[in-house]
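Nothing in this text is a laboratory measurement; each read-out follows from the coordinates by a stated rule. If you're wondering where the values come from, they're calculated on a predicted model, not measured in any experiment. In this analysis, Cβ positions are derived from the backbone assuming ideal geometry, glycine residues included, and neighbour counts consider all displayed protein chains.
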Amino acid sequence: MRRGNNLRNRLETIRKERGIKQEELAAAVEVSRQTIGSLENGRYNPSIILAFKIARYFGMSIEEIFIYEEE
Amino acid sequence: MKNCKSIVISILGVLLCGIGFYFVKSLTDPQGIMKTLPYILVGIGCGMFGHGVGDLINKKVTAKNPELVKQIEIDQNDERNIMITNMAKAKGFDIMTYVFAALLLAYGLMGASMEVIIPFVIAYLFVQFYAVYIRLRKDREN
């Protein structure tokens, strides 16, 4: 969960459920492993393009992975 | 063929460096530009040589390791890395604005020569106006 931000994500949960390593996900969506780590920790919010890439990789919709909560 | 450019740059670097050293040794009483030109040539020559050889080594290492090339490409295009780099540049620019302004004020108070202060002010204002111009242009484009 990102501090001071209302965008959460279920990336770590979904990735672990499917037994995928951070490195594998990073290579598939063409970003660095650190970016995946930061996304999972909520320190970084992805661009809309990266969010689409991740959603497509898992065969899900963006909303199923990234959750926006109104304050 | 792809190494040709790096080899040419390296050779030119060595040549410039050699010419610079030759001038340093041979000119006994240099006048005008010749006082500094040899050292400028040595500096540029060393830079070109370093750049050329570095490029050659880089190509040699990456040619054997396509995975490394892919990783470097990913790291260079990684959106978080780009964001961090841009943020660092922006912070650096903000700091530079205050540091240069303070330095300019200090020079003014020290009564430094106008030949120093005026180009400094022009350069400072150029950078600041350029930042405003880019901001307005990007605002219109995006």
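Annotations
- The set of residues in segment B:57-82 being of a type in the set (Lys, Arg) and either away from every other protein chain (no Cβ under 14 Å) or over 22 Å from A:GLN34 (Cβ atoms) (or both) consists of B:LYS59, B:LYS60, B:LYS64.
- Helices (runs of 4 or more DSSP H) lying entirely in chain A (those with 2 or more residues that are away from chain B (no Cβ under 14 Å), farther than 18 Å from B:ARG80 by Cα and among the β-branched types (Val, Ile, Thr)): A:11-17, A:62-65
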